[in-house]
Structures are given as structure tokens and as C-alpha cells.
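The values are calculated or read from the model by the stated rules, or taken from the named source; none is laboratory data. The model shown is predicted, which means the values in this text are computed figures rather than measured ones. Ideal geometry is used to build each Cβ from the backbone, glycine not excepted, and the neighbour counts take in all protein chains shown. Quick note on the areas: whole protein, heavy atoms, side chains included, nothing else; ligands and nucleic acids left out. Shrake-Rupley method; radii C 1.70, N 1.55, O 1.52, S 1.80 Å.
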Amino acid sequence: MIRLFFLIFLIPILATAQVFETASGKVQVDRMVGGLDNPWSFAFLPEGGLLITERDGQLLHISPNWRKREISGLPPVFARNQGGLFDVIVPRDYPSTGEILLTYAEPQDGSANTVIASARLDLDRARLEAPRVLFRMNSDGDGGRHFGGRLVEAPDGTLFLSTGDRGERPTAQEMDLHNGKIIRINRDGSIPADNPFIDGPTPEVWSLGHRNPQGLAMDAAGRLWTNSHGARGGDEINLIEPGKNYGWPVISYGRHYTGGKIGIGTERAGLEQPRYYWDPSIAPSGMAIYSGKLWPEWEGDFFIGSLKFDLISRIQVEGTKITGEEWLLRDEFIRIRDIREGPEGALWFLAVGDEALMRITPVR
């Protein structure tokens, strides 16, 4: 019965395979999972299969034989405006703890704030057990936008979280609030002693001055990178370093949606410059830094989804220097929300408008 189900599932996958040209040769895109409702993130499980978050508050398990089922036991999620269930990661201690990590907008007195939570994944019962909040964003805003929500586990086991300014621009510069910051905590929710603002009112803060970081990834050298939404223009890629101020809303390469100037211009002493920016905006989202496993020529390159232009941006990188950009799959898939490298070296991505998880492999 399992073998029959697997063969039936494969038929639509093979029938929907598409081939596209890139600067490095032809690639094939296969639809691996369909019928998704506003998917936001996904993560691979070491035993095979994967997890997918849907922004309205559903966590899905896709088994190694492609059976889809919903995981119950999630905490309450604020699924309005830009809020909802965001990232999912499978940390390195999962084989011993069974715990996964989630980020989401938590309802709080009519509003919501971004949190990191851990929970034990019981696949036999398709349920989360003992969910526990590890970090809860403080904010004096009650808007429904710019939640951030990307999560990365560093090689030392610490966790990095992106938070947005919640639509309250000045708060990204206010050190008593978590708005517009990169947050760093230990795996158990405690605060690392080497955080740059450890003696301040928000010791979890690693960097500040961010508008709405939607991509967060670490390169092979352990450097942390983000991409962030600007306003009208001014989407950015930044190399994140501890204690640094990335300028929002004092400096920006974009303008307000009304056309007005943002802050004082594009630079000021003491504020970091982006390593790359887009004007017009592409609305960058999930971000993967590629190992080179299947495409050696792409080793170290960034792959970033675009919500606006329906493409994947391949950012060419040498060390910490960005040297070029190639647009892949433009106008072929709708609103690319997340992109990850799979265990086999393929690139996988979520296309919100296609309600699907896709896989990219080379055509040899």
C-alpha cells in the first residue's frame, strides 16, 4: 500500500517537471508538495521528510513517502495582517531532544509580538509536546506588520532572530525595545555573556537599525548575513556584526511610499553601509548560502527569494564582497517566500502563489 501511494504521488511530480536555462547550464524544477496555504518556511528532518509552516498557523509534516499531515498542539498564533506562524528549524540537538524551534507572532492584548518557542515533536501522534517560549519580543507598537521572524542556529548553538520595526520606524534605534534588531540567545533561552549590549536594557540585542529582515543565513565561515525590506527601493543585504548599527531609519537607499526622503540620506558616520541594495525593491525573502555540492561554481553564493518580481536572485560572493547578481526563474513561480539547500545539495523553495514546495536540480 505504501509503495502504491508513493508511485501515485510521483506521477504529478514527474508530469510537472520544467527545465530552465541559467548562466551555469540547465536546471530542472519539480513540484514536490502542492496544496499549501500561504507557506512561509520549511526544514528537513534527519530521519527523512520535512516540516512546512503555513502563516495562518498550521505546521505540516511531509513524511519520507510524501504523506502530508497536520501537526497539532501549536501555541496560539496571531494570524492577521503580516502576522502568523513564521520560521521552523530543526536544531542540531534534535536527535537527542526531539525538539524543534518555531517563530511566530504571539497574541498579546489585542496585538502581537514575535517569539521563539521550542517544542518536542511527537511524529507518532503528529503532535507538539511541551511548547516553551525561549524569547518574547518587547514592543510598544500595536501594528500588524514588520514582524521579522527568521531564525538561524549558529555553529556554537546560539540562536539568531530577526525582528522588524513593527511599522514604528524610530524604534529600530531605541535600545530599550526589540524592534528592528537582530537578537541572539542561547539554545535554552538564556543570554550569552559575550553579547555586545549585555549590560543594557535589552541584553539579547546583537545589532540594531533594521527595518524588516526577511532573510537570515550563515556562511561557511560562520558570518551572519541578512536581507531586509526597504521602503520604496532600498532593499538591503547586510553582513551582521555584533554591536553595529545598520542605520534604519536614519539612512536608507529607498524613499517613503509617498516619495519623501527617508532620514538624512544614504550615509552617516557610525552607521553601517549595506553590502548590496536593490532599487527598485524586489521584496527579498528567504535566503540560502549554497555549499557547492551539486553546482561547485555556485559555492558560497546567496540564493534569495523575491516576493515582488517572482524570481530567485543568485548573489555572487567572494568572501565578504558581492561581485554580481543573476535572476533565476523570473515570472515562472509566484511570490517565492523561502529557499533552502536540501540534504542532497538541491535547492528547494516555497512559491506562495503556486501553493507548492519546489526542488531545483541540475540537468546534466
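If I ask for residues that are in contact with a Pro (Cβ under 8 Å, 6 or more places away or on another chain) and charged (D, E, K, R), which ones from segment 25-40 would you list? Within segment 25-40, 26, 31 qualify.
Can you name the residue in segment 155-193 that is more than 25 Å from residue 84 (Cβ to Cβ) and of a type in the set (Gly, Ala, Ser) and, of all such residues, is surrounded by the most Cβ atoms within 10 Å (Cβ to Cβ)? Residue satisfying both the conditions and the ranking: 157. Within segment 179-187, does at least one residue satisfy the condition of being charged (D, E, K, R), in contact with a helix residue (DSSP H, G or I) (Cβ under 9 Å, 6 or more places away or on another chain) and in a strand (DSSP E or B)? There is at least one residue in segment 179-187 that is charged (D, E, K, R), in contact with a helix residue (DSSP H, G or I) (Cβ under 9 Å, 6 or more places away or on another chain) and in a strand (DSSP E or B). The C-beta contact set for segment 136-148 (first residue in contact (Cβ under 8 Å) with a residue 12 or more places away in the chain, second residue acidic (Asp, Glu) and surrounded by 15 or more Cβ atoms within 10 Å (Cβ to Cβ), distance under 6 angstrom, 6+ apart or interchain) comprises 141/168; 146/165. Each residue in segment 35-50 was checked for being within 16 Å of residue 358 (Cα to Cα), open to solvent by 30 Å² or more (accessible area, probe 1.4 Å) and not charged (D, E, K, R), and 3 of them qualify. Looking at 306, 285, 281, can you tell me which residue is out of contact with any Leu (no Cβ under 9 Å at 6 or more places or on another chain), of a type in the set (Gly, Ala, Ser), buried (at least 16 other Cβ atoms within 10 Å of the Cβ) and under 23 Å from residue 54 (Cα atoms)? Only one candidate passes the filter, namely 306. Residue count for segment 231-242, restricted to those that are open to solvent by 30 Å² or more (accessible area, probe 1.4 Å) and either at pLDDT 95 or above or of a type in the set (S, T, N, Q) (or both): 2.
Candidates 211, 125, 166: the one that is over 21 Å from the mean Cα position of the chain (by Cα), part of a loop (DSSP other than H, G, I, E, B), closer than 24 Å to residue 54 by Cα and among the charged types (D, E, K, R) is 125. Taking segment 347-364, which residues are under 15 Å from residue 328 (Cβ atoms) and surrounded by fewer than 20 Cβ atoms within 10 Å (Cβ to Cβ)? Of everything in segment 347-364, those that are under 15 Å from residue 328 (Cβ atoms) and surrounded by fewer than 20 Cβ atoms within 10 Å (Cβ to Cβ) turn out to be 359, 361, 362, 363. Can you pull out the residues in segment 243-265 that are assigned to a strand (DSSP E or B), open to solvent by 70 Å² or more (accessible area, probe 1.4 Å) and in contact (Cβ under 8 Å) with a residue 12 or more places away in the chain? Once the filter is applied, which keeps residues that are assigned to a strand (DSSP E or B), open to solvent by 70 Å² or more (accessible area, probe 1.4 Å) and in contact (Cβ under 8 Å) with a residue 12 or more places away in the chain, segment 243-265 yields only 255. No other residue among 135, 147 is hydrophobic (A, V, I, L, M, F, W, C) and in contact with an Asp or Glu (Cβ under 7 Å, 6 or more places away or on another chain) apart from 135. May I ask you to list the residues in segment 121-130 that are closer than 17 Å to residue 57 by Cα and open to solvent by 20 Å² or more (accessible area, probe 1.4 Å)? If the condition is that a residue be closer than 17 Å to residue 57 by Cα and open to solvent by 20 Å² or more (accessible area, probe 1.4 Å), then 127, 129 are the ones that fit.
Per the conditions (1) buried (at least 20 other Cβ atoms within 10 Å of the Cβ); (2) under 29 Å from residue 315 (Cα atoms), the sole criterion not satisfied by residue 204 is (2).
Can you confirm whether segment 325-336 contains a residue that is open to solvent by less than 40 Å² (accessible area, probe 1.4 Å), in a loop (DSSP other than H, G, I, E, B) and farther than 17 Å from residue 220 by Cα? Scanning segment 325-336 turns up at least one residue that is open to solvent by less than 40 Å² (accessible area, probe 1.4 Å), in a loop (DSSP other than H, G, I, E, B) and farther than 17 Å from residue 220 by Cα.
Residue 222 meets the conditions (1) touching a residue at least 60 places away in the same chain (Cβ under 8 Å); (2) open to solvent by 40 Å² or more (accessible area, probe 1.4 Å); (3) in a loop (DSSP other than H, G, I, E, B); (4) not polar (S, T, N, Q) in every case but one. The failed one is (2). Among the residues of segment 266-278, those that are at negative phi and either open to solvent by 80 Å² or more (accessible area, probe 1.4 Å) or part of a loop (DSSP other than H, G, I, E, B) (or both) comprise 266, 267, 268, 269, 271, 272, 273, 274, 275, 277.
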